[in-house]
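Beneath this line is the structure, given in structure tokens, with notes to follow.
The values are calculated or read from the model by the stated rules, or taken from the named source; none is laboratory data. Keep in mind that what you see is a predicted model, and the values were worked out from it rather than measured. No Cβ is skipped: glycine too gets one built from the backbone with ideal geometry, and neighbour counts run over all protein chains shown. Calculation scope for accessible area: heavy atoms of the full protein, side chains included, ligands and nucleic acids excluded. Shrake-Rupley method; radii C 1.70, N 1.55, O 1.52, S 1.80 Å.
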Amino acid sequence: CELKDQQQSFSGVGAKHQNARAERAIQTIMAMARTYMIHVGLRWNERGTDNLSLWPFAVRHAMWTYNRLPNVVTGLTPHELLTRTSADHTDLSRSHVWGCPVYVLDPKIQDGGKIPKWKRRARLGQFMGFSEEHSSLVALVRNLITGKISPQYHVVFDDRFHTVFGVDYDPDVVARIDEEVWIDGHDYYAEEEFDSDGELIYSPPPLEDCWLTEAERENAKAEAREQRERHKRLIEERKAATPGSAASDRRRNRGVDVVSDDDDDSLSLLDSESEGDERLDDEHDDDDGIVQIENIPKDSTTGPNLIEDIPDDEPDGDVWRGRLRRRGVSFADIPTS
């Protein structure tokens, strides 16, 4: 920069908008280079003339053209603003179509020699732009056989591709060229993300409505609704699969009879047991959880008589004794009358 009397400044990290002019110029140059390559692919597609590896030369020629195009407002070219000298724009009149066929004169004739009368006097090449190492406009020509590029001065340009064969218009060919050229030639913030089940979990922000047609707007709304429903369904499935959640408890208790919390202490008893059973457990259970027969009062004045408290609907006292036995009660001293 010091040798060319230029100054350099930097923009903030992740703040490309601070360098908006340079970014816009880069976008324009890249679009021009893509146009050059698509044009060559449609007009001349033999011996590697439409090879995508030639894109650096297309970008260089687009930059050369951009620096010599006058601004629509000021009428000045970037080259004039940089060098502070006026130009007569003769370079543009001597420019040629990038990638067009070029016929290079035989080296012996260039040196003033002679060749046999019926021998070919020129060989076919491809124009790759102008050399930056020469003072005048010296073309860079690609050898179609070896693939090497060299500066050549004695050349004839075929800007209209009349001397070569191309392909007829084919939508499939155009789509293929456009896809290959644009696959890595665009800027994007993020791509769509999918989970292991193939469900969409993230999509880039959509364009503003002013850039969309009516059909595209309706399609965007439908996709947004589907994404919301898919996200809601995913959340519900995760809640149901989480132990301890309400949805998980409902799924686990599905088909099981649940007793209401409003019931009394008879939850552990059978429905056919009477209220007397509960009083027996509540009043006479000791610390060991087993009721000894000597602790059961035998006098009806101090406590309930076991024989008299047998419900009337029981046909025999054996049923009552069986219930006490299941509760761990010893029947050694049970009075019989």
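Rounded to the nearest 20 debye, what is the charge dipole size of region 12-130 about its Cα centre when +1 sits on each Lys and Arg Cβ and -1 on each Asp and Glu Cβ? Don't skip to the end; give the middle numbers.
Working: 17 positive and 8 negative charges, 102 e Å.
In total the dipole reaches around 480 debye.
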(request) State, to one decimal in nm, how far the label point of Tyr66 lies from the label point of Asp106, with both points 7 Å from Cα in the Cβ direction. (result) 4.3
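Send over a whole-number figure in Å² for the accessible area per residue of region 1-116, probe 1.4 Å.
Details: 8150 Å² over 116 residues.
Heavy-atom SASA per residue in region 1-116 reads 70 Å².
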(request) Alpha carbons only, please: Rg and Dmax for region 1-148, in angstrom. (result) 19.3, 66
(request) Enumerate the residues in region 69-94 having an amide nitrogen under 16 Å from the point lying 7 Å beyond the Cα of Lys4 toward its Cβ. (result) 78-85
(message) Per 0.36 nm of contour for each residue apart, how much would the distance between Thr85 and His162 grow if the chain were fully extended, relative to their Cα-Cα spacing?
(response) 23.9 nm
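Just check region 71-128 against the gyration tensor rule for me: Cα atoms, a ≥ b ≥ c as the square roots of the eigenvalues, rounded for a/c under 1.5, and otherwise prolate or oblate depending on whether a/b exceeds b/c.
Numbers: a/c = 4.94, a/b = 2.86, b/c = 1.73.
Taking the square roots of the gyration eigenvalues as a ≥ b ≥ c, region 71-128 is prolate.
Taking all protein chains as present, what is the carbon and sulfur share of the accessible area of region 71-152, in % to the nearest whole number, probe 1.4 Å? Don't skip to the answer; put the middle values down first.
Numbers: 2950 of 5480 Å².
That fraction is 54 percent.
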(message) Under the rule of at least 5 residues apart or a separate chain, name every residue whose amide H is placed under 5 Å from the amide H of Phe130.
(response) Leu140
(request) Taking 7 Å along the Cα-to-C-beta vector as the label spot, tell me the Asp172-Ala222 distance in nanometres, rounded to one decimal. (result) 2.9
(message) Cut-off under 28 Å on the C-alpha distance; same-chain residues fewer than 8 positions from Lys239 excluded. Which lysines are left, in chain and number order?
(response) Lys221
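Assuming R0 = 51 Å, what is the FRET efficiency of Lys232 and Asn19, from their Cβ-Cβ distance, to the nearest 0.05? Kindly include the intermediate steps, with their values, before the conclusion.
Numbers: r = 42 Å, r/R0 = 0.83.
Step by step, r from the Cβ atoms, then E = 0.75.
Using 0.36 nm times the number of residues separating Glu191 and Arg120, minus their current alpha carbon distance, what extension gain do you get? List each step's numbers first, then the result.
Details: separation 71, 0.36 × 71 = 25.56 nm, distance 5.43 nm.
Full extension from Glu191 to Arg120 adds 20.1 nm.
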(request) Under a cut-off of 29 Å between alpha-carbon atoms, report the lysines in cross-link reach of Lys4, not counting same-chain residues fewer than 8 places apart. (result) Lys16
